[in-house]
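The values are calculated or read from the model by the stated rules, or taken from the named source; none is laboratory data. The shown structure was predicted, so the numbers you read here are calculated from the model rather than taken from an experiment. FYI the Cβ positions are ideal-geometry reconstructions off the backbone, even for glycines, and counts take in every protein chain you see. Heads up: the accessible areas ignore ligands, DNA and RNA and are worked out on the full protein's heavy atoms, side chains in. Shrake-Rupley method; radii C 1.70, N 1.55, O 1.52, S 1.80 Å.
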Amino acid sequence: MDATETIQDRLTSIRARITRAEREFGRAPGSVQLLAVSKTVPVKQVHDAFLCGQRQFGENYLQEAMSKMTDPMLARAGLEWHFIGTLQSNKTHKIAHYFNWVHTIDRLSIAQRLNDQRPAQLPPLNICLQVNSSGEASKGGVDMEHLPSLAAAVARLPRLRLRGLMTIPQATTDFDQQRLPLRRVREAWERLRDSGLPLDTLSMGMSDDLEAAIAEGATLVRIGTAIFGKRVKSP
Ligand SMILES: *Cc1c(COP(=O)(O)O)cnc(C)c1O
């Protein structure tokens, strides 16, 4: 990536990639939303993305996310914040208070905590269940076998709104190989919908596999590097 490219240039080209993939794979125009993943990115660059019209941001680390959310300009901006990091039970209280979405639920105990801690005056917290699509033991996510019962249980929690599934597949550069795990997640999502759950979100696709994800039905792609450049450090 060219260092002289601005966030505006990169957002423009990511939006063009999404539009092109929607067209190529027969998806409705505008059916794929862009979540800008701003983990480790300085708040100044989040301002830049906001000024270019970006409204949905994904964060992995709670403390870092909180400092962005409470930034004077961003706090007034009415942004939509998505928690996409690893969930620990000591973090759920703040997440339930400050985020609009959580993508990384893979067990009922943590869903129950978020449900119990979601403030009554806020709308229900939007939820995606994270699915382990590659069978890698090191990756988070519920396995396919336990997905239906987890989905049914989370759907019953009144302060959560189950919207769909999320996955982080094993990285590969081969397009057809990229599509395989994404297809399994989409098929699982369709089975849950057929069983009566009103799901509308498939959160899959990152900087290197967004075309494969859109081909397989993603409704929201989570893009970091292609917007903000290569991440240099963890906070
Ligand atoms: C970091 C991250 C992304 C963005 O990945 P890029 O390859 O930088 O686009 C997407 N989803 C999750 C869960 C992440 O942690």
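Treating r as the C-beta distance of residue 51 and residue 225 and R0 as 22 Å, the FRET efficiency rounds to 0.60. GNM on the chain, alpha-carbon springs under 10 angstrom: the most fluctuating residue among 57, 99, 175 is 175. About its Cα centre, the chain has a charge dipole of approximately 680 debye under the convention of +1 per Lys or Arg Cβ and -1 per Asp or Glu Cβ, with nothing else charged.
You can think of it this way: the chain between residue 175 and residue 44 has 43.7 nm of extra reach, that is 0.36 nm per residue less the Cα-Cα gap.
Run the paramagnetic zone check for residue 100: 7 angstrom along Cα to Cβ, then residues of the stretch 43-77 with backbone nitrogen under 12 Å. Taking a point 7 Å out along Cα→Cβ of residue 100, the residues of the stretch 43-77 whose backbone N falls under 12 Å are 54-58, 77. Here the stretch 29-53 and the stretch 190-223 have alpha carbon centers that stand 19 Å from each other. Rolling a 1.4 angstrom probe over the protein heavy atoms with all chains in place gives the stretch 1-132 an accessible area of 47 Å² per residue.
Amide H contacts under 5 Å for residue 161: 125, 126, 127, restricted to partners 5 or more places along the chain or on a different chain, H placed in the peptide plane at 1.01 Å from N.
Evaluated at q = 0.08, 0.11, 0.13, 0.17 Å⁻¹, a Debye calculation over the C-alpha positions of the chain (equal weights, vacuum) places log10 I(q)/I(0) at -0.28, -0.54, -0.77, -1.34.
For residue 105, the residues whose modelled amide H falls within less than 5 Å of its own, excluding neighbours fewer than 5 places apart on the same chain, are 128, 130. Distant-in-sequence amide contacts of residue 52, defined by a placed amide H-H separation under 5 Å and a gap of 5 or more residues or a different chain, comprise nothing.
Ligands, DNA and RNA left out, the accessible area of the stretch 149-235 computed with a 1.4 Å probe is 48% carbon and sulfur.
Cross-link partners of residue 39 among aspartates and glutamates, defined as those whose alpha carbon lies under 19 angstrom from its own and excluding same-chain residues fewer than eight positions apart: 48, 59, 64, 71, 80, 208, 209.
Under a point-charge model restricted to the Cβ atoms of Lys and Arg (+1) and Asp and Glu (-1), what is the dipole moment magnitude of the stretch 100-187 relative to its Cα centre, in debye to the nearest 20?
Charge dipole of the stretch 100-187: 420 debye, to the nearest 20.
Listed by chain and number, the lysines whose C-alpha is less than 19 Å from the C-alpha of residue 44, apart from same-chain residues fewer than 8 away, are 68, 230, 233.
Per-residue 3J(HN,Hα) values for the stretch 196-212, derived from phi via the Karplus relation 6.51 cos²θ - 1.76 cosθ + 1.60 with θ = phi - 60°, read x, 7, x, 7, 10, 10, 10, 8, 7, x, 10, 4, 9, 9, 5, 5, 4 Hz in sequence order (x marks Gly and Pro).
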